[in-house]
Amino acid sequence: MTIEKGPECDYVTLVQHEGTDGVKQGKNKCKLCEHVFHGGATRIRLHFLQVFGCGVAKCTAAEDKLEPVKKVMLQLEQDSRKKEQQEAQDQKGNGFSISISISSSSEE
């Protein structure tokens with residue numbers, strides 16, 4: 001199975017290194033501020049959007065370089081949320097319910 005790379009990957013470089021167990025591991029290196037971090041698309045977006053309190057370091061690049069990237073990342077985040085909401089709505093619409101009625105009459 002091939003993993004499709006999103007637009008977030010245009011702003012980072014994949015850096016591989018050998019972990020403590022000898023297995024190659026991947027990290028992302030920001031092309032703007034050179035910060036190296038683990039994670040996928042969401043963590044990349046959080047890095048560029050400079051979100052505090054999510055365990056991801058904020059991008060320290062100059063604002064003029066960062067502003068266009070922030071716009072792209074914000075749009076990606078909004079699109080992702082819309083997609084999640086749409087999938088949740090679709091699951092609700094495709095659901096079914098079962099109603100069971102049990103009546104007991106004990107006449108002796």
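So residue 49 passes all but one of these: (1) free of Cβ contacts under 8 Å to residues at least 24 places away in the same chain; (2) farther than 12 Å from residue 11 by Cα; (3) of a type outside the set (Val, Ile, Thr). Which condition number does it fail?
(1)
Under 9 Å between Cβ atoms, at least 6 apart or on separate chains: pull out the pairs that start in region 72-90 with a residue that is at pLDDT below 90 and end on any residue that is surrounded by 10 or more Cβ atoms within 10 Å (Cβ to Cβ) and not in a helix (DSSP H, G or I).
From residues that are at pLDDT below 90, the pairs are 76/6.
The values are calculated or read from the model by the stated rules, or taken from the named source; none is laboratory data. Please read all numbers here as calculations on a predicted model, not as lab measurements. We place every Cβ from the backbone using ideal geometry, glycine too, and count neighbours over all the protein chains shown.
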